[in-house]
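Visitor: Pasting in a structure now, in structure tokens, and then I'll have a few things to ask.
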Amino acid sequence: MSLFRKKSNVSDETIRYGAKLVTVMEPKSAIAEQFRTIRTNIGFMGIDHPIKTLAFTSANVSEGKSTVADNVAVVWANAGKRVLLIDADLRRPTLHRTFNVANREGLTTILTSSVPEMNITNLIQRTEVENLSILTSGPIPPNSAELLNSRRMQDLIASVKESYDVVIIDVPPILAVSGTQALVSHLDGVVLVVRMGQTEKAGLKRSVELLKLAQANTLGYVMNDADADGDSVYGYGYGYGYGYSEEDE
Ligand SMILES: Nc1ncnc2c1ncn2[C@@H]1O[C@H](COP(=O)(O)OP(=O)(O)OP(=O)(O)O)[C@@H](O)[C@H]1O
Ligand SMILES: [Mg+2]
């Protein structure tokens with residue numbers, strides 16, 4: 001089958017119930033092991049210049065960004081790093097559902113605050129996973145794309161970078177939300193999540209171009225929803241590839 005066959009598969013499941021934390025529920029499973037491989041590979045990409053701020057994005061909605069970002073954050077924390085996971089997908093936030101915490105305040109509280117030097121430590125919440133802290137989206141304002149591109153957002157990232165070993169950001173899809181491109185260009189790296197059988201090849205290509213134009217540091221992609229022989233399945237499967245090959249046309 002084609003890797004990039006179109007399959008309409010938009011799901012609101014994670015928005016309602018949160019992402020599945022297979023790395024917490026079944027840490028010894030093959031899938032959890034694949035998330036550890038993704039973490040290791042990202043680490044390798046940062047030998048010269050450590051990757052401290054990292055976003056997961058995708059071409060379109062519902063391709064597995066939140067599931068991948070959250071599970072990679074868990075395995076990074078399991079490895080003893082102090083990890084902060086930020087929900088910056090302000091249109092389809094999920095992090096508060098995944099960790100079952102309140103979302104009355106969060107990222108948007110900081111981005112819309114009139115206080116110049118806000119104390120953000122009380123907005124960051126601890127999780128049951130040791131070393132893993134989260135900053136949920138907060139209430140969703142109408143101008144969410146502008147907020148992600150704000151100076152405040154950049155200042156926030158620069159400031160949390162000092163207190164954590166790794167900052168992982170769940171951002172909106174690159175083709176659907178214009179602010180994503182600029183946001184990820186300020187980070188140490190960005191990883192594209194590709195949903196097998198759903199992501200369209202043209203969409204993936206355009207996403208890679210947009211990241212290039214923004215001078216973002218694209219570290220590679222995660223193939224989501226693939227089994228070992230590359231076929232599309234209902235279960236989980238993750239592979240990791242380095243970059244996008246032009247010969248793949
Ligand atoms: N490998 C997989 N196998 C089966 N289902 C998956 C897999 N990855 C993600 N899903 C399911 O697909 C849906 C979308 O996943 P997820 O919410 O992680 O994607 P997303 O890119 O963050 O979506 P959004 O654009 O809404 O933020 C969810 O219902 C999730 O449980
Ligand atoms: Mg999501």
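The values are calculated or read from the model by the stated rules, or taken from the named source; none is laboratory data. Values in this document were obtained by computation on a predicted structure and should not be read as measured data. Every residue, glycine as well, gets a Cβ built from its backbone with ideal geometry; the counts of neighbours run over all protein chains shown. Remember, those area values only see protein heavy atoms, side chains included, never the ligands or the DNA or RNA. Shrake-Rupley method; radii C 1.70, N 1.55, O 1.52, S 1.80 Å.
Visitor: Relative to the longest principal Cα axis of the chain, at what angle does helix 151-163 sit, 0 to 90 degrees, rounded to 10?
Guide: The helix 151-163 is inclined about 90 degrees to the chain.
Visitor: A further question follows. Carbon and sulfur atoms: what percent of the 1.4 Å accessible area of the chain do they account for?
Guide: After summing per-atom areas, the C and S share lands at 48 percent.
Visitor: Before anything else, pin down the relative contact order of segment 13-244: Cα pairs under 8 Å, at least 6 apart, normalised by residue count, whole percent.
Guide: Values: 468 pairs, mean separation 60.3, N = 232.
Reported relative contact order: 26 percent.
Visitor: Roughly speaking, what is the stretch gain from N143 to Y17, that is 0.36 nm per residue apart minus the C-alpha to C-alpha distance, in nm to one decimal?
Guide: 42.9 nm
Visitor: Output the 0 to 90 degree angle, nearest 10, between the alpha-carbon long axis of helix 30-45 and the longest principal axis computed from the alpha carbons of the chain.
Guide: So the inclination is approximately 70 degrees.
Visitor: Okay, moving on. With each run of n ≥ 4 DSSP H residues scored as -39500 (n - 2.57), what mean residue ellipticity at 222 nm is computed for the chain after dividing by its residue count and rounding to the nearest 500 deg cm²/dmol?
Guide: Rounded to the nearest 500, the figure is -9500 deg cm²/dmol.
Visitor: Give the long-range amide H neighbours of A176: residues separated by 5 or more places, or on another chain, with amide H under 5 Å away, using H modelled in the peptide plane at 1.01 Å from N.
Guide: Residues meeting the amide H criterion: none.
Visitor: Here is a follow-up. Assuming 0.36 nm per residue, please report the length gained on full extension of the stretch R151 to D48 beyond their Cα-Cα distance.
Guide: That works out to 34.4 nm of additional length.
Visitor: Taking the dipole about the Cα centre of the chain, with the C-beta of Lys and Arg at +1 and of Asp and Glu at -1, give me whichever of V177, V115, G46 is farthest to the positive side.
Guide: My answer, from the dipole projection, is V115.
Visitor: Moving on to the next point. When DSSP beta bridges are limited to those with both residues in segment 13-244, what percentage is antiparallel, rounded to the nearest 5?
Guide: 25 percent
Visitor: Using the Cα centre of the chain as origin and beta-carbon charges of +1 (Lys, Arg) and -1 (Asp, Glu), tell me which of S11, A30, G138 is placed farthest towards the positive end of the dipole.
Guide: Toward the positive end, the furthest listed residue is G138.
Visitor: A follow-up question, please. Nearest 10 degrees, 0 to 90: what angle lies between the long axis of helix 201-213 and the longest principal axis of the chain (Cα atoms)?
Guide: It works out to around 40 degrees.
Visitor: Among rounded, prolate and oblate, which fits segment 108-227 when a ≥ b ≥ c are the square roots of the eigenvalues of its C-alpha gyration tensor, a/c under 1.5 means rounded, and a/b larger than b/c means prolate?
Guide: Judged from the Cα gyration tensor, segment 108-227 comes out prolate (a/c at least 1.5, a/b above b/c).
Visitor: Quick check: residue separation of N119 and I31 times 0.36 nm, minus the Cα distance between them. What number comes out in nm?
Guide: Fully extending the segment from N119 to I31 adds 27.9 nm.
Visitor: Right, something else. How many lysine pairs does the chain hold where the Cα atoms are under 23 Å apart and the two sit 8 or more places apart or on different chains?
Guide: 23
Visitor: Under 5 Å between amide H atoms, partner at least 5 residues away or on a different chain: which partners does L85 have, H built in plane at 1.01 Å?
Guide: For L85, the qualifying residues are S133, I134, L135, I168.
Visitor: Could you do me a favour and compute the accessible area per residue for segment 13-244, 1.4 Å probe, result in Å²?
Guide: 45 Å²
Visitor: Only four residue types carry charge here, +1 at the Cβ of Lys and Arg and -1 at the Cβ of Asp and Glu. Report the dipole size of the chain about the Cα centre in Debye, rounded to the nearest 20.
Guide: So the magnitude is around 420 debye.
Visitor: Taking H as built 1.01 Å from N, whose amide H comes closer than 5 Å to the amide H of A214, not counting residues under 5 places away?
Guide: none
Visitor: Continuing with the same structure: Roll a 1.4 Å probe over the protein heavy atoms and report the accessible area of T23 in Å², nearest 10.
Guide: Spelled out: T23, probe radius 1.4 Å, area about 10 Å².
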